[in-house]
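To start, the structure under review is shown below, and the notes come after it.
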Amino acid sequence: MEAHDRPVARTGTGQPRISGTRRALLLGGAALAGNTALAARLWQLQVVESDAYLEQAAQNRARTRPIQPLRGLIYDRNREPLVANAPVFSVWLSPADLPPEREGPVLANLAVLTGERPDDLRFKLSQARLAPDTPARLARAVPRESALTIEERRRDLPGISVRTSTRREYAYGDVLGHIMGFTGPIPAEEVEAYRRQGVRFDEDIGLSGVERSLQAQLRGRDGEQRLETDAFGRDLHELAFTPPQVGQHAVLTVAVNEQQAIREILARHLALRDRGAGAVVVLRPDTGDVVAMVSLPDYDSNIFTRGASSENFALLVSDPRRPLINHTVSGLYPPGSTYKVIAASGALEAGVVLPQSKIHCDGRLILPSGWAFDDWLPEGHGLVDLQRAIAESCNIYFYNVSGGNPYTRLQGLGNRRLAEFERSFGFGERTGIDLPGEASGLVPTSEWKNKNLQQPWVTGDTYHAAIGQGLVQVTPLQIASMYAAIGNGGRVMRPRLIDRMLDQHGNVAERIPPRVRSVLPITESNLRLLQTGLYRAVNEPQGTGPRARSSHTVVAGKTGTAEYSGQRDSEGRLPSHAWFAGYAPAEQPDYAFAVLVRDGGEGAFAAAPIARDIIDYLMTGDMPPLPQDRPDFISPDRRL
């Protein structure tokens, strides 16, 4: 075999090999540049901008939970607690943790477990979605068994959790229902208005009574808790905490024992009637402090905070006596003869009559038009002056001094001046008491009648207004305030239900001082004439109010029988409300009051004995005998 010579390398050969090396160098350089850029970016992300991204990561895992403050408490005059914040289980939602496709099944399950209406849950969810990172309460006061079931099924109910919260419980819910009111969820139509005040849609607010009128003070100030959570929304640890500020506490002017007793006295008398209804207001004349405020039938505040059954709520709503309304401040009624002191004072001050002027009453005044206006006493009272007209409640006298008499040419006050005096006594406007829903009443005028009824004003309208009939409308609180002003020397006080507000430590945060609304436009001598007439009405044999006479003090006051349109009885008489209003002791009164028995008939028989029993209790502290056990008991249905 021939041997082959190995090729000899020559200078200048191998060009292809040189070209491959250059390509490798270019690729390596590009890779180095890319890696350098990547390293620079990683340096920027991990070192230069690390704090910003750490904060962003923390934000992704952190949740802010608002902490609602404890609602302030309410006490009676003697610092007896009237309400408590009782612990309950509530169901909460973290909207960001509830996927939209899971909403239907989750809400359906919650409706079954909590008893909430599906529509209410959907509304709350829609509100909660407006702030998806902030938990919202979906259901309050759920049963313990339901709370445990929800906790056990957390994985099936994403975004849902159970927490402890509070609800209001009222120690004297039935006795003070109309005064205290109750709390509950914000009505849907008011959510936006409360949101503008910083109140969340899922809170309980005051819905009536003092709970509503003091909502801002009782609520307190929100706190805040910042938490780190895991991917399932479960709490890991607390990042920050701002404690809530407890709401202020309120101290009322009412004492529970007096409110209970006066409510019981009214209830005893109303029990003598078929479906009786009535109202009582007792004030301190010098300050306007509310001593008692009772409207029967009433309700227990606890049935609303604990959840009223549909049957109980239906009974309250369907009762024609309207127990849900506080008739002391919201009920409007003709005042009857309790109103006559206004026409009397106006006639004296305007010089229509002198104190000694006498007007003849024969039981009827017939105008030239043929309209007849009767006295309650068919045979009349004969010649009467102002004091006797008040004591015996002579209608004819007040017809004359208000609308005039075409036969004697006596020029009465006239409607315009009479209306001015009515307003000066505080009628036709709210008293300003610390309760929602107060009615202003009605002082009728010719302008009002023309505008609202499209009818002209006639003399008979003035006659009726002077004796508290016709178009006049008042509340029991307004009547009590008028008699307080007569008793205290002429100062119309603003009724005061809140004495002071306390901070969370029990220190006085605000005192609510007595306030004079106005002063009666009556001279001292003329005011004394009114006071004497009211004294005689109770304490003289011919007066209309002897059944209000107390064996423990001297009472001054006035009966009222206020007829209104309705079905006449077998004797042709219209239905009427029974009134008695006054003050005691007569010389220097500690109490002023108004008693109304709705559809009660005669004030002398139905309302005056209630006033007597209330004054007897206030003077002695002892409950009076049952009305039917008294030797002088007369059926309240009797007519004079």
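The values are calculated or read from the model by the stated rules, or taken from the named source; none is laboratory data. Just so it is clear, the structure is predicted and the values come from calculations on it, not from any experiment. Glycine gets a Cβ as well: all are built from the backbone with ideal geometry, and neighbour counts include every protein chain shown. Just so you know, the surface numbers come from the protein's heavy atoms only, side chains and all, with ligands and any DNA or RNA stripped out. Shrake-Rupley method; radii C 1.70, N 1.55, O 1.52, S 1.80 Å.
Please determine, by comparing only the residues of the stretch 121-144 that are of a type outside the set (G, A, S), without any contact (Cβ under 8 Å) to a residue 40 or more places away in the chain and part of a helix (DSSP H, G or I), which one is most open to solvent (accessible area, probe 1.4 Å). Among those that are of a type outside the set (G, A, S), without any contact (Cβ under 8 Å) to a residue 40 or more places away in the chain and part of a helix (DSSP H, G or I), it is R122. If only one of R322, R306 is out of contact with any Pro (no Cβ under 8 Å at 6 or more places or on another chain), more than 29 Å from P476 (Cα to Cα) and either basic (K, R) or open to solvent by less than 60 Å² (accessible area, probe 1.4 Å) (or both), which one is it? Of R322, R306, the one residue that is out of contact with any Pro (no Cβ under 8 Å at 6 or more places or on another chain), more than 29 Å from P476 (Cα to Cα) and either basic (K, R) or open to solvent by less than 60 Å² (accessible area, probe 1.4 Å) (or both) is R306. The residue pairs whose first member lies in the stretch 479-491 and is over 13 Å from A556 (Cα atoms), whose second member is of a type in the set (V, I, T) and open to solvent by 10 Å² or more (accessible area, probe 1.4 Å), and whose beta carbons are closer than 8 Å, counting only pairs six or more residues apart or on different chains, are G490/V519; G490/I522; R491/V516; R491/V519. Which residues, taken from the stretch 461-473, are open to solvent by less than 10 Å² (accessible area, probe 1.4 Å) and touching a Phe, Trp or Tyr at 6+ places or on another chain (Cβ under 6 Å)? Of everything in the stretch 461-473, those that are open to solvent by less than 10 Å² (accessible area, probe 1.4 Å) and touching a Phe, Trp or Tyr at 6+ places or on another chain (Cβ under 6 Å) turn out to be Y463, A466, G468.
Would you check if V329 is part of a loop (DSSP other than H, G, I, E, B), open to solvent by less than 10 Å² (accessible area, probe 1.4 Å) and either among the basic types (K, R) or under 24 Å from L176 (Cβ atoms) (or both)? Criteria met by V329. Checking each residue in the stretch 194-212 for being open to solvent by 40 Å² or more (accessible area, probe 1.4 Å) and under 18 Å from the mean Cα position of the chain (by Cα) picks out L207, R212. Among the residues here, T287 qualifies as open to solvent by 10 Å² or more (accessible area, probe 1.4 Å), in a loop (DSSP other than H, G, I, E, B) and either farther than 29 Å from N78 by Cβ or touching a residue at least 60 places away in the same chain (Cβ under 8 Å) (or both). Would you check if there is a residue in the stretch 299-310 being touching a residue at least 24 places away in the same chain (Cβ under 8 Å) and within 24 Å of L471 (Cα to Cα)? Among the residues of the stretch 299-310, not one is touching a residue at least 24 places away in the same chain (Cβ under 8 Å) and within 24 Å of L471 (Cα to Cα), which makes the answer no. Here E169 fulfils each of the conditions (1) closer than 29 Å to H505 by Cα; (2) of a type in the set (D, E); (3) at pLDDT below 90 apart from (3).
Need a quick list: strands (runs of 3 or more DSSP E) entirely within the stretch 501-613 having at least 2 residues that are surrounded by 14 or more Cβ atoms within 10 Å (Cβ to Cβ) and of a type in the set (S, T, N, Q).
Working: elements: 508-511, 516-519, 556-563, 576-584, 591-598.
Once the strands (runs of 3 or more DSSP E) in the stretch 501-613 are filtered for at least 2 residues that are surrounded by 14 or more Cβ atoms within 10 Å (Cβ to Cβ) and of a type in the set (S, T, N, Q), what remains is 556-563.
Among the residues making up the stretch 559-585, those that are out of contact with any Phe, Trp or Tyr (no Cβ under 7 Å at 6 or more places or on another chain), in contact (Cβ under 8 Å) with a residue 60 or more places away in the chain and within 19 Å of A485 (Cα to Cα) are W579, F580.
Being of a type outside the set (D, E, K, R) and over 24 Å from R212 (Cα atoms) holds for only one residue in L413, L435, and it is L413. Residues in the stretch 243-257 that are farther than 25 Å from Q225 by Cβ and open to solvent by 40 Å² or more (accessible area, probe 1.4 Å): 1 in all. Summed over the stretch 87-120, residues that are in a helix (DSSP H, G or I), open to solvent by less than 20 Å² (accessible area, probe 1.4 Å) and within 22 Å of E192 (Cα to Cα) total 1.
Of all residues in the stretch 374-423, count the ones that are over 25 Å from G603 (Cα atoms), open to solvent by less than 40 Å² (accessible area, probe 1.4 Å) and part of a loop (DSSP other than H, G, I, E, B). Here the count works out to 4. Looking at D632, is it open to solvent by 10 Å² or more (accessible area, probe 1.4 Å) and over 19 Å from P546 (Cβ atoms)? It is false that D632 is open to solvent by 10 Å² or more (accessible area, probe 1.4 Å) and over 19 Å from P546 (Cβ atoms). Is it true that Q215 is of a type in the set (S, T, N, Q), closer than 30 Å to S330 by Cα, without any contact (Cβ under 8 Å) to a residue 24 or more places away in the chain and surrounded by 14 or more Cβ atoms within 10 Å (Cβ to Cβ)? Judged against the criteria, Q215 is a match.
Annotation note: Cβ proximity below 8 Å between a residue of the stretch 245-273 that is farther than 29 Å from A578 by Cα and in contact (Cβ under 8 Å) with a residue 40 or more places away in the chain and a residue that is among the charged types (D, E, K, R) and in a helix (DSSP H, G or I) (sequence gap 6+ or interchain) occurs for G247/R219.
Against the list (1) in a strand (DSSP E or B); (2) touching a Phe, Trp or Tyr at 6+ places or on another chain (Cβ under 6 Å), the condition A147 fails is (1). When you scan the stretch 413-431, do you find a residue that is within 30 Å of V291 (Cβ to Cβ), touching a strand residue (DSSP E or B) at 6+ places or on another chain (Cβ under 7 Å) and among the polar types (S, T, N, Q), even just one? Yes: the stretch 413-431 contains one or more residues that are within 30 Å of V291 (Cβ to Cβ), touching a strand residue (DSSP E or B) at 6+ places or on another chain (Cβ under 7 Å) and among the polar types (S, T, N, Q). Selection over the stretch 77-104 of residues that are touching a residue at least 12 places away in the same chain (Cβ under 8 Å) and within 25 Å of T229 (Cβ to Cβ) gives a count of 15. Candidates in the stretch 63-80 are the residues that are in contact with a His (Cβ under 8 Å, 6 or more places away or on another chain) and of a type in the set (A, V, I, L, M); of these, the one that is least open to solvent (accessible area, probe 1.4 Å) is I74.
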